[in-house]
Amino acid sequence: MSTTSEQLECLIIGSGPAGYTAAIYAARADMKPVVYAGMQPGGQLTITTDVENYPGYPDGITGPEMMENFRKQAERLGADVRYGMVTSVDFSGKPPYKVIVDENKEITAETVIISTGASAKWLGIPSETKLNGYGVSACAVCDGFFFRGKDVAIVGAGDTACEEATYLAKICNKVYMLVRRDEFRASKAMQHRVLNTKNIEVLFNTETDEILGENKVEGVRVLNNKTNEKKEYAIQGFFVAIGHQPNTEIFKPYIDMDETGYIKTIPGSSRTNIEGVFACGDAQDKIYRQAVTAAGSGCMAALDAERYLGAKHAPTE
């Protein structure tokens, strides 16, 4: 463990649209932000091939290219973007707070912006990994556009899966919904919406055996877990909607969260229950989970941090 502690005015934990936008605003406010980009610099967008729904890119852009642009802009304005992983924090007491990076570097920060994002839950089959970004997606709203008029499959049984299935049904020719059990987990209202949509075919007691295709999704082989019968369907898109896991584990001893680990922020702000600690992006948003909303919340977090520091250091009469 390093014996000297680097002292920062603003530490941003995590990158992606939220973290980089927070860095842009914090740098412009002369807060000298340091960003630790984490294990996946750029966040979930780095595994997204094409982004068509972010304003300002009329011809679209790849996710990795967009995140590279975000990073370059943050650095041009003065943000210090570093590759490293925050492994523990100590938010007890008052700021500045102690943070450990890569288990051996200690820093202290007057303000901390959490933008660690969330990770999609996957099925864990090799073909899913191989074809991720080539027809396999964990976000129908993000990527459904590319499958307009085509046949797709979606895995899941909860409200999100039902919502995404009905969204896909509006733009796709046919939607196969793969439900592992003999019933939905979704609310009755969402179930009715799916079951009353003509081009959604629900396959109960059905598990994914393999996603088919060499360089892109061409089909799916499914297993009926009651009869052990296997069947193949020709599809061009495969969506996984079995939930997301926020990357917030190291903050649990200090930060208020909901039952699934999403950080609770004070309504209308990015403030958490801890003074000087702010949260933005998918670490605190389980509803929208879009690049543009994450970027907006990153802006909020930087502005909140700037105002906090301004009030803290304001001269007293």
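The values are calculated or read from the model by the stated rules, or taken from the named source; none is laboratory data. Quantities reported herein were computed from a predicted structural model and do not represent experimental measurements. Neighbour counts run over all protein chains shown; Cβ positions are idealised from the backbone, glycine included.
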Residue within the range 69-78 that is touching a Leu at 6+ places or on another chain (Cβ under 7 Å) and at pLDDT 95 or above present: no
Filtered residues of the range 29-53 (kept if β-branched (Val, Ile, Thr), assigned to a strand (DSSP E or B) and at pLDDT below 95): Val51
Flag if Val155 is within 30 Å of Gly16 (Cβ to Cβ), crowded, with 18+ Cβ neighbours inside 10 Å and in contact (Cβ under 8 Å) with a residue 40 or more places away in the chain: yes
Qualifying residue in the range 132-151 (condition: in a strand (DSSP E or B), over 19 Å from Glu218 (Cβ atoms) and of a type outside the set (Lys, Arg)): no
Within the range 1-28, tally of residues that are at pLDDT 85 or above and either of a type in the set (A, V, I, L, M, F, W, C) or under 23 Å from Ser137 (Cα atoms) (or both): 16
Residues of the range 252-295 classified as over 18 Å from the mean Cα position of the chain (by Cα) and crowded, with 19+ Cβ neighbours inside 10 Å, total: 6
Any hit, the range 227-243, residues being aromatic (Phe, Trp, Tyr), in a loop (DSSP other than H, G, I, E, B) and either touching a residue at least 12 places away in the same chain (Cβ under 8 Å) or within 24 Å of Val141 (Cβ to Cβ) (or both): no
Residue in the range 93-105 that is surrounded by fewer than 18 Cβ atoms within 10 Å (Cβ to Cβ) and hydroxyl-bearing (Ser, Thr, Tyr) present: no
The lone exception for Thr108 - which of (1) surrounded by fewer than 20 Cβ atoms within 10 Å (Cβ to Cβ); (2) in contact with a strand residue (DSSP E or B) (Cβ under 6 Å, 6 or more places away or on another chain); (3) in a helix (DSSP H, G or I) it fails: (3)
Test for Gly56: is it among the small types (Gly, Ala, Ser), assigned to a loop (DSSP other than H, G, I, E, B), without any contact (Cβ under 8 Å) to a residue 24 or more places away in the chain and within 21 Å of Gly296 (Cβ to Cβ): yes
Matching option when the condition is farther than 20 Å from Ala118 by Cβ, exposed (fewer than 14 other Cβ atoms within 10 Å of the Cβ) and among the acidic types (Asp, Glu), among Glu218, Glu210, Glu232: Glu232
Within the range 182-207, considering residues that are over 27 Å from the mean Cα position of the chain (by Cα) and assigned to a loop (DSSP other than H, G, I, E, B), the one surrounded by the most Cβ atoms within 10 Å (Cβ to Cβ): Thr197
Single match in Val152, Val141 (criterion: of a type in the set (A, V, I, L, M), modelled with pLDDT under 95 and more than 23 Å from Thr227 (Cβ to Cβ)): Val141
Test: residue in the range 100-113 that is modelled with pLDDT under 95 and either among the basic types (Lys, Arg) or closer than 15 Å to Ile211 by Cβ (or both): yes
Criterion: surrounded by fewer than 20 Cβ atoms within 10 Å (Cβ to Cβ), in the same structural domain as Cys299 (by TED's automatic domain parsing) and not in a strand (DSSP E or B) - qualifying residue of Glu75, Glu128: Glu75
